[in-house]
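Novice: First the structure, then my questions, so here it is.
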Amino acid sequence: MKKPDKRNDVTALDKAIFHLVEKNAFEICLIVILGISLYARIVMIPNCVLSADYNNFIVPWVNKYRELGIVNGLATKVGDYYVPYNVLLAIIAQLPCEPYLSLSVVHLTAEYLGAYFLFKIITLVLDEKHGQSISPSSRRRNRKMAAVIAACTLFLPSVLMNASLWKQCDSLYTCAIIISLYLVLSRRYAAGFTIYAFGLCLKLQAVFFLPFLVILYLARKDFSIFEFFKLPLMYILTGLPAVICGRRFQDVYKTYLRATGEYDGMAINSANFYQLGLGDYPGLHRTATAACIAIFGFAALYIIYKAASMNLEKWLYLASWVVWTAFMFLPAMHERYDYAAIILISAFTWMRRKQIYVSLVLIVSSVVTYSNAMLGGSNIPMAFMALLCVAAYAAYTVQGVRELSV
């Protein structure tokens, strides 16, 4: 007996669905992945119990702005952030909802905007590797690979937890760094420096990216030193709202100077070089800062010497190495300050499919340190975790020097 033809059960609607899925399978999967990443954040956002920083600092600051209003609040010293983030808090204070809801919208927007520009950076690098005669199929393949990598960075534990669970704002200045990196790699320096200057006014840790721009300036020799003047100019301009509202000029513009002396630990729950028994902040912090600057100085000399061989892939490596070096060797580093380094290093190693273990070490480190800060603590000793990170950093540096020398 002849079996019935099952294809007769397939309707025109089914055929349209099959055709749609076959034609757009990658795009559909990407949308699903992004949707999952957003859902993972949404379910964490209402949890405010685990973030002592949110309850002890952000909420009182927002309540102060609600009490005083925007103008009187900005005229008063509220919190320890510079003016742009305080303006954000002052505006959020006027909204009829819990602070974490409004903050989450801003922070998550920065996360996804940063991922988009990371996609553009990786596409730029991959397209250059194929040369001028890149085929349309290779270009599409590069874009798909870049999209997957950028989407995967949204699932990095530190990126998932930083804003949604901890209610921190590291995504803001990191987004500015990533956008700036894309623009300067594309030789759009005016826009790149403007974006970076604003990011630096959002949070001081954006300064980790500054050595890269200095090295880029000295090696490429195709933009003016006057671009760097945008940094102090932006700092002055973004401080004006508080000055106009009545806060003392000196009090406003000394914010970052005060911030540099706020903490007295060489490594504060961070798996960097100083966890290996070098905890004497009064005796070591100046030497540590000088040593970090010296490392960047040697790197600048080396890159200037190798400038002719620098391509976009090498510049991306250098950017990731610079922000990680700042975290590894500057004093008073908190666990969150490797946020930009983890994103850039993960994207770079995944793109090349080399030294992925470096990314894995950083991911494990972030899980340990975030657990120590919010989730009851980890049983892994910080000295052991720091040893792994220092070893991974050394391997990443050595491999980079080898490839830069070619």
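Novice: Quick check on my filter: what residues within the stretch 348-406 are basic (Lys, Arg) and assigned to a helix (DSSP H, G or I)?
Specialist: Arg352, Arg402, listed by residue number.
Novice: Please go through (1) in contact with a Cys (Cβ under 9 Å, 6 or more places away or on another chain); (2) free of Cβ contacts under 8 Å to residues at least 24 places away in the same chain for Ser138 and return the number of the only condition it doesn't satisfy.
Specialist: The single condition Ser138 does not satisfy is (1).
Novice: Moving on. Identify, from the list Ile179, Ile149, the residue that is assigned to a helix (DSSP H, G or I), at pLDDT 95 or above and more than 19 Å from Trp321 (Cβ to Cβ).
Specialist: Ile179
Novice: Output the number of residues of the stretch 188-206 satisfying the condition of being outside any helix (DSSP H, G or I), open to solvent by 20 Å² or more (accessible area, probe 1.4 Å) and either under 16 Å from Ala110 (Cα atoms) or touching a residue at least 12 places away in the same chain (Cβ under 8 Å) (or both).
Specialist: Total satisfying the criteria: 0.
Novice: Where residues in the stretch 42-85 are open to solvent by 50 Å² or more (accessible area, probe 1.4 Å) and outside any helix (DSSP H, G or I), which of them is nearest to Leu204 (Cα to Cα)?
Specialist: Asp80
Every residue, every condition in (1) among the small types (Gly, Ala, Ser); (2) more than 14 Å from Phe273 (Cβ to Cβ), yes or no:
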position: Leu316; (1), (2): no, yes
position: Phe329; (1), (2): no, no
position: Arg336; (1), (2): no, yes
position: Ala341; (1), (2): yes, no
position: Phe348; (1), (2): no, yes
position: Gln355; (1), (2): no, yes
position: Val358; (1), (2): no, yes
position: Ser378; (1), (2): yes, yes
position: Val390; (1), (2): no, no
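Novice: Further question on the same structure: Would you mind listing the helices (runs of 4 or more DSSP H) fully within the stretch 225-327 where at least 1 residues are within 21 Å of Ile177 (Cα to Cα) and at pLDDT below 95?
Specialist: 255-259
Novice: Here's a follow-up. Pairs under 9 Å by beta carbon, first residue among the hydrophobic types (A, V, I, L, M, F, W, C) in the stretch 6-25, partner at pLDDT 85 or above, six or more apart or different chains?
Specialist: Correct list of pairs: Val10/Phe18; Leu20/Ile28; Val21/Ile28.
Novice: Taking only the stretch 169-182 into account, find how many residues are open to solvent by less than 10 Å² (accessible area, probe 1.4 Å) and more than 12 Å from the chain's Cα centre (by Cα).
Specialist: Counting residues in the stretch 169-182 that are open to solvent by less than 10 Å² (accessible area, probe 1.4 Å) and more than 12 Å from the chain's Cα centre (by Cα) gives 0.
Novice: Need pairs with beta-carbon distance below 9 Å; first residue open to solvent by 40 Å² or more (accessible area, probe 1.4 Å) and within the stretch 257-274, second among the acidic types (Asp, Glu); sequence gap 6+ or separate chains.
Specialist: Listed pairs, sorted by first residue: Arg258/Asp80; Glu262/Asp80; Ile268/Glu335.
Novice: When Pro381 is evaluated against the numbered criteria (1) over 17 Å from the mean Cα position of the chain (by Cα); (2) open to solvent by less than 20 Å² (accessible area, probe 1.4 Å), which criterion, by number, is the only one it fails?
Specialist: (2)
Novice: Provide a single number: the residues in the stretch 264-320 that are among the hydroxyl-bearing types (Ser, Thr, Tyr), more than 17 Å from Leu185 (Cα to Cα) and in contact with a helix residue (DSSP H, G or I) (Cβ under 8 Å, 6 or more places away or on another chain).
Specialist: Summing the residues that are among the hydroxyl-bearing types (Ser, Thr, Tyr), more than 17 Å from Leu185 (Cα to Cα) and in contact with a helix residue (DSSP H, G or I) (Cβ under 8 Å, 6 or more places away or on another chain) in the stretch 264-320 gives 3.
Novice: In the stretch 341-377, how many residues are open to solvent by less than 40 Å² (accessible area, probe 1.4 Å) and over 21 Å from the mean Cα position of the chain (by Cα)?
Specialist: Adding up the residues that qualify gives 1.
Novice: Give Glu128, Glu111 a once-over and let me know the one that is open to solvent by 50 Å² or more (accessible area, probe 1.4 Å), in contact (Cβ under 8 Å) with a residue 24 or more places away in the chain and in a helix (DSSP H, G or I).
Specialist: None of the other options fit; the residue is Glu128.
Novice: Output the qualifying pairs, or none if there are none: Cβ atoms under 7 angstrom, residues six or more apart or on different chains, first residue in the stretch 225-252 and on the phi < 0 side of the Ramachandran plot, second residue open to solvent by 60 Å² or more (accessible area, probe 1.4 Å) and not in a helix (DSSP H, G or I).
Specialist: Close Cβ pairs satisfying both conditions: Asp251/Lys77.
The values are calculated or read from the model by the stated rules, or taken from the named source; none is laboratory data. It should be emphasised that the depicted structure is a prediction, and the values quoted were computed from it without experimental measurement. Using ideal geometry, Cβ is built from the backbone for each residue, glycine included, and neighbour counts are taken over all protein chains shown. Just the protein is used for accessible areas: all its heavy atoms, side chains included, with ligands, DNA and RNA removed. Shrake-Rupley method; radii C 1.70, N 1.55, O 1.52, S 1.80 Å.
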